[in-house]
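Engineer: Let me give you the structure first, and then I'll get to my questions.
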Amino acid sequence: MYLTREEENILNGEYGTTLQKAIEILVALGDIYGADSLIPIKSAQIAGVSYKTIGDAGLEWISSLKGTVKVPSVLNPAGMDLEDWAGMGIPESFAIKQKEIIKAYSELGIRVECTCTPYYLQGFDLSLGEHIAWSESSAVSYANSVIGARTNREGGPSALSAALIGKTGNYGFHLDQNRVPTISVNVECDISSSDYGALGYIVGKMISNKVPLFNLKSNPKKVDLKSLGAAMAASGSVALYHVKNVTPEQLHMNFDTPEETIVIEEEQIREVYESKASFKNNCDIVALGCPHCSVEELEEIASLLEGKTVNKEFWVCTSREVANNSGDIISRIEKSGAKVLCDTCMVVSPASENYRCMAVNSGKAFNYIPGMCKIESMYATLEECIDEAGDRN
Amino acid sequence: MLPLKNVLMRQVIEIRIECRSISKGEGKGPVLSTKDPISFLGTVDPETGNIIDPNHELHGKCIKDSILIFPYGKGSTVGSYVLYQLKKNGCAPSGMINIDSEPIVAVGAIISDIPLVDRPNVDIFKVIVEGDEVIVNGSEGYLEITGSK
C-alpha cells in the first residue's frame, strides 16, 4: 500500500505511540483487503461504547490513548441513558464504568453523542460519494444506501484509528466495483411502515453479505429504508443495498440487472409477525426506536399515545440531540407514562435483561433481543406495540 | 555442486519461512497449532489463557507464551479486546501465525503488541508441528524454526 511521507513518519512513531498504533491498524487492514492508499474521511462514528460489550479491557485500551480526533466523530449507543440511568434500573457499578468509557472517548475530542443515527446530527450531514468511517451496522447501511456516501463497516478500534488519523484504507465499499448490486430482490406485494423491517429481517437471512437491488411495488419513505437496512444488517451482513427508482446511487448509475433473483411474497412478511404472536398481551415491555427515532417518528408516536396511559414499561429510544430539538413532543410522549431514553437502546443496554418479553416494531431489535438480552421478542406494527401497552383497566 | 546447493536451499527454507507482516515485534515460544478458527470472545479465558470452549480442538490447552498457529479469527469483534486483556494479564501468546488474518485478530494483535504474521509461503500445518520452537518476526514478516522436540 502506498503511503505518503507524512504517513510513513506517523508509522515510524514520530508523532507518538497513539498515532503510530492507529496508522498500524489502518495499514494492516488496508493490506488485508488490498487497499492502494489511505483516503481522507469526512466523519467517523465509533462502536465499542457499551460497558456491556467492551468491558474493562476496552476501557483500559481507550484510556491509554492520547491525542485528538482529526474529523467530527461521535459514538455508538451506550449501555444506559447517561443522565437517567437510575430510572432504567441500571446498577451504579455499571454506571460508573460506563461514564469512565464516555470520559475516555471525550478526552480524545469525540463528541459525547451516543447514537446509531449520526446522520440526523448537525455537522454529520453527508452527500453522494463522500467517504466516511462509520461502525454501527444500520448507520453504515443508511449512509451507503440511502445517502450514497461510502463506508465499510468499521470495527470500534479501526473507526477510532480512522478518526485519529482522519483517513481510512481505500478498499471495499469505497470502490465503485464493490457497490454494484449482485442480486435482485423482487417484492410482490404492497408494504408499509414496519413491513420494511420484516422484509429486511427475511432478506438479510437469505442473502448474507450480497448487495441487493430491490424492486418494490410501494414507495418507501426514508424512515422505511432505515428499518429495512437495519434489519438486513442484523439478520445478514448487508452493508449496502439499492432500491430501483429510489436510492441515489441507483438513479445515477443505472446498474445492470443482476443475474440472480429472489422473490418475496406477502406470506413471508406476515410470517415474521405471526412467528411470536403467541406472546400477544403477554409482553412486559414495549421498546421503540431501533434505530434511534427521528423527530418525525417521535411525532408519530406522540400522536398515537395522545390521551392514552401505558401500563407496561415503555421505552422510546432516540439521540439526545434529536430529543433536545423535539420541543414538546417528548413531554407529550412522557405524559402517557412512556419513557424517552437517550444515548442507549434496548439492544445494547443490560436493563433489557430485567424483562421477560419485549414487543418491538424493528427487524433489527427482533433479531438481536433473544440472543443479546436473553429474553423473548415479539414483532408487531407500531399501532400493535402501543396497544400491547394500552390501558385495559 | 547442484545436489549440495539443493540441500542447503532446503535447509534454509526449513528454518526461515517468509510471511506477510501484520503486527510488529518479535516473539519466541513453543508452537500450539490448530486448523480450527478461533473466536477469542468465548473460546479463551482472558484471566488464564486457557481454551475453555469444549467444542474447540485446543480445549484444555493454554495459549500463554506460545506461538499460536490458527487459520483465522472469527466471531465477535470484541475478540480484539480479549487479546488486549490477555496481554495485560500476562497470558497472551508470544506470537501468532495465521493463514489469512482478518480484522478481529489483526486489530487485537496490534493494540496488544503481539507479533502477528500471515500467509506463510509454505504449508504451515505440515512444516511446523506442536513442540517446535519458533520465532515470529512481525516487523519484517518471517518466522524461524529454532528447535524441535
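None of the figures in this text is laboratory data; all of them are computed from the coordinates on show. Values in this document were obtained by computation on a predicted structure and should not be read as measured data. Cβ atoms come from the backbone with ideal geometry, glycine included; neighbour counts cover every protein chain shown.
Engineer: Under 5 Å between amide hydrogens, which residues at least 5 positions from A:ILE183 or on another chain qualify, with H placed 1.01 Å from N in the peptide plane?
Structural biologist: A:VAL211, A:LEU213
Engineer: Going by amide H atoms built from the backbone, whose H comes under 5 Å of the H on A:LYS167, apart from near neighbours?
Structural biologist: Here the answer is A:ILE41, since their amide H atoms fall under 5 Å of that of A:LYS167.
Engineer: Cross-link candidates for A:LYS335: which lysines have Cα within less than 25 Å, leaving aside residues fewer than 8 places away along the same chain?
Structural biologist: In chain and number order, the partners are A:LYS280, A:LYS308, A:LYS312.
Engineer: Order these peptides, B:20-27, B:139-146, B:69-76, by their mean beta-carbon neighbour count within 10 angstrom, highest first.
Structural biologist: B:20-27, B:69-76, B:139-146
Engineer: Share of antiparallel DSSP beta bridges in the protein assembly as shown, in percent to the nearest 5?
Structural biologist: Working: 21 of 67 bridges.
Just about 30 percent of them are antiparallel.
Engineer: Let me ask something else about it. Based on a Kirkwood Rh over C-alpha pairs, give the Stokes-Einstein translational diffusion coefficient of segment A:276-388 at 25 °C and viscosity 0.890 mPa s in µm²/s. Can you show the working numbers first?
Structural biologist: Numbers: Rh = 13.8 Å.
In µm²/s, the coefficient is 178.
Engineer: Take each of the peptides A:349-355, A:8-14, A:158-164, B:28-34, average the number of other beta-carbon atoms within 10 Å over its residues, and list them starting from the highest. Before the final figure, lay out the partial values.
Structural biologist: Details: A:349-355: 21.1, A:8-14: 14.1, A:158-164: 30.1, B:28-34: 18.7.
Result, highest mean Cβ count within 10 Å first: A:158-164, A:349-355, B:28-34, A:8-14.
Engineer: Sequence gap of 8 or more, or different chains, plus Cα separation below 17 Å: how many lysine pairs satisfy both in segment B:1-141? Each step should come with its number before you reach the end.
Structural biologist: Numbers: B:LYS24/B:LYS87; B:LYS28/B:LYS64; B:LYS28/B:LYS87; B:LYS35/B:LYS61; B:LYS35/B:LYS74; B:LYS35/B:LYS126; B:LYS64/B:LYS87; B:LYS64/B:LYS88.
Pairs that pass both the separation and distance tests number 8.
Engineer: What list of whole percents do you get for P(r) of segment A:5-176, with Cα-Cα distances grouped in 5 Å bins up to the one holding the largest distance?
Structural biologist: P(r) for segment A:5-176, in whole percents per bin: 2, 9, 18, 21, 19, 15, 10, 4, 2, 1, 0.
Engineer: Can you give the translational diffusion coefficient of the protein assembly as shown in µm²/s, computed by Stokes-Einstein from the Kirkwood radius over Cα pairs at 37 °C and 0.692 mPa s?
Structural biologist: Numbers: Rh = 24.6 Å.
For these conditions, the coefficient is 133 µm²/s.
Engineer: A further question on this structure: Report, ordered by chain and residue number, the aspartates and glutamates lying within cross-link reach of A:LYS103, taken as a straight Cα distance under 19 Å and ignoring same-chain residues fewer than 8 apart.
Structural biologist: Excluding near neighbours in sequence, the set is A:ASP56, A:GLU60, A:ASP81, A:GLU83, A:ASP84, A:GLU92, A:GLU113, A:GLU321, A:ASP343.
Engineer: Give the shape of segment A:180-272 as rounded, prolate or oblate, defined through the alpha-carbon gyration tensor: a ≥ b ≥ c are the square roots of its eigenvalues, a/c under 1.5 means rounded, and otherwise the shape is prolate if a/b is larger than b/c and oblate if not.
Structural biologist: Details: a/c = 1.41, a/b = 1.27, b/c = 1.11.
Here segment A:180-272 falls in the rounded category.
Engineer: Residue by residue through A:19-31, how many Cβ atoms from other chains fall within 10 Å of the Cβ on average?
Structural biologist: Details: counts 0, 2, 4, 2, 0, 8, 8, 1, 3, 14, 7, 0, 6.
Per-residue shielding by partner chains comes out at 4.
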